[in-house]
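Here's the structure, in structure tokens; my notes come after.
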Amino acid sequence: MIASLLLLLPLLGAALIAFGPAGRRDVAGARAGSRTGPRWIAAVCTLVTAAVGVVAAMQFEGWRDGSFGLHAGVDWLADLGITLNMHVDAVSLLLILLTLLLMPLCIFASFSAITARQREYYGWLLVLQAAMTGVFLARDLVFFYICFEFTLVPMYFLIAIYGGENRARAALKFFIYTFTGSMLTLAGLLWVAWAHADRLGTWTFDIPTLTAFAQSGLSSGEQAWILLALMAGFAVKVPLFPVHTWLPLAHTEAPTAGSVILAGVLLKLGTYGLYRFVLPMVPDAVVAYAPFIAVLAIVGIVYGALICWVQDDVKKLVAYSSVSHLGFCVLGLFALNPIGVQGSVLYMINHGLSTGALFLLIGMMYERHHTRDMNRIGGLARVMPVWSLFMVFFVLSSVGLPGLNGFVSEFYCLLGAFTASVDAQTGYPGRLGPWYAAFAGTGMILAAMYLLIMTGKVVFGPTHLPGGHGHGGGHGGGHGGGHGHAGHAGHAADAHGDGAALPPDLTRREIGVLIPIALLCIVLGVRPGLLTDALARPIEQALAASAAASAAATVARPQDADTGGGASGHAEGTGDDLPRADAADATGDVVRERVRG
Amino acid sequence: MADRLLLLLPELVLFAGAVLVAVAGLSPRREIRRALPGITAGFLLVAMAAVAFVHSGERAAVAAVLTPMPALTGWVRLATCGIAALLSLLTVGTIDRRLEADVQAGRLDFNPLMAGRGEFHAFFLLSIIGLLLCTSATDLIWLFVALELTSLPTYVMVAMSRPSRRAQEAAMKYFFLGALSAAIFLYGFALLYGATGTLIFSEMSAAFAAQRAGDGIPLVANVGLVLAIVGIGYKIAAVPMHFYAADVYEGAAAPVTAFLGYVPKAAGAVAMLIVLGAVGWEGGLPEPVLTTLWMSAVLTMTLGNIGALLQKSVKRMLAYSSIAHSGYLLIGIIAGPGLGITAVILYLVAYGVMNTGAFAVLASLERRGREIEDVEDLAGLRHRHPALAVALALCAGSLLGFPPLLGFVGKLYLFIAGVEAGQVLLVVIGAINSAISAWYYLILVGVPILGAPTARSETVDAVPSRWPRVAAVLAAVLVVLLPIVAARLAPRIDAGTAVRAAPDPASAAAARR
């Protein structure tokens, strides 16, 4: 019941904004300050939903034992067993709470930035919230897919209407990439459901049932194909290395709230999908391909970080840093041991907090100075001391300074990868090893470099502002007018607030938006146990399958001589080329399986 | 005989309607001529009630004996009447527009010889009758006649849909190629007769079963089936018989294009199901037939979507998209009983609604009395006609198969049916094609809602009649709301031709709704 409220309240708010009388008066920003305008409806709605979320979290009984709770739902397509059932476990509830926290903050942060087409803006934000919550709530595969896919629509419009100058292209690219991937994911999920119907005689799309079935009921050849199909959608969403190219563009062009949600929650849909479906559903294939995926993650970590290093655009830098950071998240997942996965889930939340806050800060800067080019702006510490304080704080959190939230998760992910080969004796599959951690670790160093360089340029150093009223105005002229306001004014001047109306430093509203995130960063940094205790059991359950699979594989492998050699050789984890050999072996498996089929 | 007449009650109702509108169209009274689309819609709604009546209660059992696939007959007839009623709203004010304007302005006296509106709506209803008859065909002759009854009126409808050479060119092209396709599937039917010695599907089914048990299905039967499928493929615009679609759809006026998008396609899909039902999916379709269908499905989806990507004209884009949707339909046709037929029926309903909605938006817009052509004409539609822009966005989203809209439910069933039938590769190709189609459907969403009005699109206005707009909004509402009751829209059909199961009470109940 309370779960449905989490889903329905935002939809109700959206309907109120779309069809309600209040919205009409607010057209064209004529009464932007009105307390009945769409932004206030949205704010109240998200706050109420957040309160409901807190109540739900208190009602939830599975914090320690890893069980599911807060069941709700209705039947939908009965002959196929498709329902709209919902439930949560600790992991999904935490992600829901993250969503519920970020949404009101995003809405408050948009108050000054969005002055035109407000009804649509806040309406879409609320719809987006419902869709994201639905993804985490879903207990039914089709329901999950619907919500997963539906997040695209609000985001598409948010980027395409309120975005920067390249917004049309960014929105299209974002939509096409994710849609293409998730169509294949759908095919994979349908295959699992069909296999269940075929072998057990009844159609169901119940996720726990299908997961339990898929672990044992699918041959390893089938699992490999399903892994491929699932990865197609989730990897794009995460985004994993070769399919990440939509992300920087979408992030850079999206309005601030869009970027925050994109980084904070939407990317987590991908990693959540990996956690919820890929790990437990196709354990054999996961064990077989873990090194390959981990290599992609590491490439993403290093490559993303290197690109960050050469960015001039602050927002683009943070966007690419997401590619790098989410690499850690995936690496932790595919370490396939509790530490790594715990780190990964923590990372989902911590990245949402720190990177979300960074995007908020950049948005606040942009609203005032209409540039994100760090060659054109600098030394803000003198002009915007409060802003600078928060900026340094969140950069440190993002870098992974011990004592703040980022550190724990990053450390756990790396530790998971590092000890993965040791765990091979303890029952967890552990296909990774110290080398993986070592390469991934360079990402941490690089992150410190590019983020601190950025901070150094923007926050410290000689003050110069693009408007020329700083001390070093000489920089302002030449570089990249494209980033600036000039290129922007033609189409979106109406969609963006006038910076002149804002005081030089942060307003109380803006500080109020940042404070909760900052507090959480400290709390989670000092007491990560708050989360790790809750996460331990569900993660063990999610990993049970792959542990069993690897145990079965170690028994089975001696019979399968050619793959066995590659795999056991790998357990020592001595070379970078091994994953490739493994992948080749596994591909061979797949091909053979297909020929047989 | 009486049973059969009862079964054909909806067709008889519509036939009476056709005669009535043909005569009423000649009336010198303008109000009567204006009411023609309304009368047509009224008869369609009565026919809809008649379908529900015929397929409910004890009569359902009788209907089940007389039809090859009972639920198919009931459902397709019901849905067709509903969708056709929606389609008839689109035609308001289209036919004889100039003539009526002249008469009204007093420049011309009304001359029944020049009036086409009555005939148009009579043909409209006759074509619908053809489709309804297709669904209850029990032998090849019936099927052939019904298919031709569906098609022949459409040739005339295309020609008279608007006073333009392109409409006439389209009609000629459509007619000649249609005749060619009829020849092809008639040849196929003849070979089937030769191979089995009967025209009646149930006997044919027994003959095929005997052949399967014996030496296997003979070559001549396979050739007959393949020819029949390729020929009927013309009706659904499936490769290799797809090439006419873009030209014909573009040439005809938008309301007629919407009609072409649903009625012949539904007739073709139903005919394919019935013909394939004779040979039966159980034990696998014969290899040549399966290969033909499979290749056709893949090519139809892919060529349709790629073709649509390249178009600037909205109608051509939707024409190619219509081809692509036939490819998706073929997945369900290949899958057969169980989910396949259910999925085909559901998808036909979904496609009928969303396609009609999209064309209704086009039919609602004009520039100085002429249809709009390019995507650019839709730019910034949101500012001038927000309801139309939203309706188009919803229908395009549904055509894309975006959850949770109606098209998604349809596609979900098709894909599940495909996976169930072991056609995973086909489903994956379908999924990739859906992704390709996102490119152009997003244009239809984006340009009206996100685009800024251009000098060109500023000259676009709504047509005087409000009914096309009503149809567009209605279709958009259905696209959003029907998924909620989708479970009841999807009758479970397990029986092929050979097996006549008792009619599904649930579908009869739903039919009454």
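For chain B, what's the relative contact order in percent, using C-alpha pairs closer than 8 Å and at least 6 residues apart?
18 percent
Per-residue mean of foreign Cβ neighbours for A:178-190 is 6 (Cβ atoms of other chains, 10 Å radius). Modelled this way, with points 7 Å down the Cα-to-C-beta line, the labels at B:Glu169 and A:Val392 are 7.3 nm from one another.
When A:His251, A:His196 are sorted by how many other C-beta atoms sit within 10 angstrom of their C-beta, beginning with the fewest, the order is A:His196, A:His251.
Cut-off is 10 Å between beta-carbons; in what order do B:Thr302, B:Thr94 appear when sorted fewest neighbours first? List each step's numbers first, then the result.
On the way: B:Thr302 19, B:Thr94 22.
Sorted ascending by nearby Cβ count, the order is B:Thr302, B:Thr94.
Note on region A:137-199: with charges restricted to the Cβ of Lys and Arg (+1) and Asp and Glu (-1), its dipole about the Cα centre is near 120 debye. From the cross-link list A:Lys237/B:Lys315; B:Lys173/B:Lys312; A:Lys268/A:Lys315; B:Lys235/B:Lys411, which pairs have alpha carbons spaced over 31 Å apart? Beyond 31 Å between Cα atoms: A:Lys237/B:Lys315. Using R0 = 51 Å, the C-beta based FRET efficiency linking B:Ala105 and B:Leu6 works out to 0.55.
For region B:336-387, the set of trypsin sites (Lys or Arg not before Pro) satisfying both a DSSP loop assignment and a count of at most 12 other C-beta atoms within 10 Å is given as B:Arg368. Close amide H contacts of B:Arg162 (hydrogens built in the peptide plane, cut-off under 5 Å, sequence separation of 5 or more or a different chain): B:Ala253. Among residues other than A:Thr256 with Cβ under 13 Å from its Cβ, the summed charge is 0 (Lys and Arg +1, Asp and Glu -1).
The residue list B:Leu394, A:Leu396, B:Ser465 was ranked by how far each Cα lies along the charge dipole of the protein assembly as shown toward its positive end, using unit charges on Cβ atoms, and B:Ser465 comes out on top. Between B:Tyr187 and A:Arg169, the C-beta separation translates, for a Förster distance of 45 Å, into a calculated FRET efficiency of about 0.30.
Over the protein assembly as shown, DSSP H runs of length four or greater, each weighted -39,500 (n - 2.57), average out per residue to a 222 nm ellipticity of -24000 deg cm²/dmol.
Between B:Glu373 and A:Ala544, the modelled label-to-label distance comes to 6.6 nm, taking each label 7 Å out from Cα in the direction of the beta carbon. For region B:2-512, rounded, prolate or oblate, judged on the Cα gyration tensor with a ≥ b ≥ c (square roots of eigenvalues), a/c < 1.5 rounded, else prolate if a/b > b/c? Here region B:2-512 falls in the prolate category.
Let a ≥ b ≥ c be the square roots of the eigenvalues of the Cα gyration tensor of region B:321-478; is it rounded (a/c under 1.5), or, if not, prolate (a/b larger than b/c) or oblate? Please list the in-between numbers first.
Numbers: a/c = 2.93, a/b = 2.16, b/c = 1.36.
Here region B:321-478 falls in the prolate category.
Between A:Asp505 and B:Arg29, the modelled labels are 8.3 nm apart [label points 7 Å from Cα along Cα→Cβ].
Rounded to the nearest 20, the Cβ-based charge dipole of the protein assembly as shown about its Cα centre (Lys and Arg +1, Asp and Glu -1) stands at 2960 debye.
Averaging the Cα positions of each part gives two centres, and for region B:34-112 and region B:229-295 these lie 23 Å apart. Shape call for the protein assembly as shown from the C-alpha gyration tensor, a ≥ b ≥ c root eigenvalues: rounded (a/c under 1.5), prolate (a/b greater than b/c) or oblate? Oblate shape, in that a/c is at least 1.5 and b/c is the bigger or equal ratio.
Karplus-derived 3J(HN,Hα) values for region B:338-349, using 6.51 cos²θ - 1.76 cosθ + 1.60 with θ = phi - 60°, are x, 7, x, 5, 3, 5, 4, 4, 4, 5, 4, 4 Hz; glycine and proline are entered as x.
Relative to the Cα centre, the charge distribution of chain B, modelled as +1 at Lys and Arg Cβ and -1 at Asp and Glu Cβ, gives a dipole magnitude of about 1200 debye.
The calculated FRET efficiency for B:Glu58 paired with A:Arg527, based on their beta-carbon distance and R0 = 60 Å, is about 0.25.
Ranking of A:Asp373, A:Asp312, B:Asp3, B:Asp109 by neighbouring Cβ atoms within 10 Å, starting from the fewest: B:Asp109, B:Asp3, A:Asp312, A:Asp373. If you take the Cα centroid of region B:359-425 and the Cα centroid of region A:391-406, the two points sit 47 Å apart.
We did not get these values from a lab; they are worked out from the coordinates using the rules stated. Here the structure is a predicted model, which is why all the values come from computation and not from measurement. Neighbour counts run over all protein chains shown; Cβ positions are idealised from the backbone, glycine included.
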